Every structure is written in C-alpha cells, then in structure tokens.
Amino acid sequence: MTDMDPPTTLEGAAPTLIVETVVLRFLARVIHADGVVDPREVKLLLDVAAGLEMGEEEARRILEDELNRRSDVAALARQIPDPDERMTVFSLGCAMVYAGGRVGDDEQTILDAFAHGAGIDATAAAEILADAAREAGRA
Amino acid sequence: MDVDHAIQFTLKGQEAMQLGQYEEAARAYHEAIRLAPRLDGAYFQYASALLWRGLPNEALAALDRCVALGGPWREHASGLAASVRAQLGAPPKKSKWAAIRGKVLTS
C-alpha cells in the first residue's frame, strides 16, 4: 500500500452530520465574533452541539479548528440547501448573539454576512434579530 | 516530477488532518491537485478536508471529479458523495434548529 492507496473504510473521512457541522461553525463564528475565547462560550457551543446530536469529540475538533481558522460565514450560509432552513438557522444565530451578550459591530458584521450569503434581505434580517432580542428580554 | 511533488503535499495534508487543521489540509490537497490534476486520491482527501470545514457543496465538486477520473479512489468518492447528497437532500431540520434556539434563549 502506498500513501495514495484508498483507505479500507470511509471512517473519519467526513463529519458524521454534514449540515450540523455547517451550523456549528456559523454559531462559533457568532459567539466568538469579538475574538475572545471565553470558556463559558465554549461550554455553550458544546451544549448546542450535543443538542444537534453531534458527538463531543467531533464537536471539539470542529470548534478548535474554527477558533484557529475562521470560516467565511457567507459561504457557510450557501451550504444550507433550503431557503427557509437558512432563515431558521439565521434566527438561531441571532439567539446565539444574545446568549453571548449584545449585538456589537463584530456580531452585526457576521450576521450581515450570513444573511447576505443566505439571500435574506436586510429588512427580514432586522426583524428576525428584533424577535430574538424580544425573546431574550433585550428589546 | 510533479506527481512526486504532489504526493508530498498530500502527506502534508494528511499531517494537518491528523492535527485537526482542516484549512491547512485543504490548501495542501488543493496544491497537490494543481500539481497533478489526475491524482484522484488528492481530490478525495481535498473533499474530506472541505467537509470538515463545513463546505459540502465544494466537497461534492471534488468528489465528482474523483469519480470521473475512474481511478482507485472512485468507489470511495462515489460512496461519500452519495452520503453527503443524502444528508443535504434530507427534509429540512427547522424544528431541530428552533428547539436549539429556544434552549439558547433561555440559557
């Protein structure tokens, strides 16, 4: 066998959950928008990953990579096939902003990039963010 | 020779993959493909790095190219592409995201 022979199995060739990997990377970008890695935020992301039914080891691998090499958020948005689902994931990202504190310039930039990539217009994006603020008691 | 040079980049990519450095891995595999466009394993490994980076659409393009080359990695690429397409084509998981959103807002 050479280095370019195929492996015997596909194990580890891809994360177990494809769309969930996209979503987790987006949420990590949102919560680390300020560039500060807070252990409580990592814990929140791991809790979210568990809710997404991702294994902890796999989630940690993805999050560690995301912290070191930030994804293009618009590109992540384009990976989600269904436009309505993109909207729901954007709404989840908005909720994540409020879980992490407030909507600063960094957070807004990331949300705007996702909305742009997802094809969500500015008015709809603002309404979704306002809904999240209201539900989080920040409005 | 370009193929030998390309294989060196795939080794570099494998090291990065083992360290969980998927962006670096993807770049190394991309360079391997540039040097040896018929090296089918490099497309598969490039796709693998892209999947870990959360870029399944771009990964599928690489897997399809790997299949089209008809080399020894074809079956693996075909199997992985089918698995990725099945997940992307599954019914939207809006209720799943909404449930997580509820938990996040009350955290």
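We did not get these values from a lab; they are worked out from the coordinates using the rules stated. All of these numbers come straight from a predicted model, not from anything done at the bench. In this analysis, Cβ positions are derived from the backbone assuming ideal geometry, glycine residues included, and neighbour counts consider all displayed protein chains.
Results, tabulated for the structure shown:
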item: Rounded to 10°, Cα long-axis angle of helix A:18-31 versus longest principal axis of chain A; result: 50 degrees
item: Relative contact order (percent, whole number), chain A, Cα cutoff 8 Å, 6+ residue spacing; result: 28 percent
item: Nearest-20 debye value, the stretch A:1-62 charge dipole, Cβ charges on Lys, Arg, Asp, Glu; result: 260 debye
item: Filtered trypsin sites (Lys or Arg not before Pro), the stretch B:12-49: DSSP coil and at most 13 other beta carbons within 10 Å; result: B:38
item: Least to most buried among A:43, B:96 (fewest other Cβ within 10 Å first); result: A:43, B:96
item: Helix-only CD estimate at 222 nm, as mean residue ellipticity for chain B, using -39500 (n - 2.57) per DSSP H run (n ≥ 4); result: -25500 deg cm²/dmol
item: FRET efficiency estimate (nearest 0.05) - Cβ-Cβ, residue B:106 to residue B:61, R0 35 angstrom; result: 0.30
item: Spatial separation of Cα centroids for the stretch B:6-44 and the stretch A:14-58, in angstrom; result: 25 Å
item: Calculated FRET value between residue B:86 and residue B:19, using beta carbons and R₀ = 22 Å, to 0.05; result: 0.15
item: Virtual paramagnetic centre 7 Å along Cα→Cβ of residue A:43, amide N under 17 Å, in the stretch B:80-107; result: B:104-107
item: Chain A: calculated mean residue ellipticity at 222 nm from DSSP helix runs of at least 4, using -39500 (n - 2.57); result: -21500 deg cm²/dmol
item: Net charge, residue B:63 excluded, C-beta distance under 14 Å - Lys, Arg +1, Asp, Glu -1; result: -1
item: For chain B, alpha-carbon Rg and Dmax in angstrom; result: 16.6, 59
item: Relative contact order (%) - the stretch A:1-80, alpha-carbon pairs under 8 angstrom, separation at least six; result: 43 percent
item: Computed label-point distance, nm, for sites residue B:95 and residue A:64 using a 7 Å Cα→Cβ extension; result: 3.6 nm
item: Whole-Hz ³J(HN,Hα) from phi, Karplus 6.51 cos²θ - 1.76 cosθ + 1.60, for the stretch A:70-84, glycine and proline x; result: 5, 7, 7, 5, 4, 5, 4, 4, 5, 6, 7, x, 8, x, 5
item: Packing-based exposure ordering (other Cβ within 10 Å, fewest first) of A:111, B:19; result: B:19, A:111
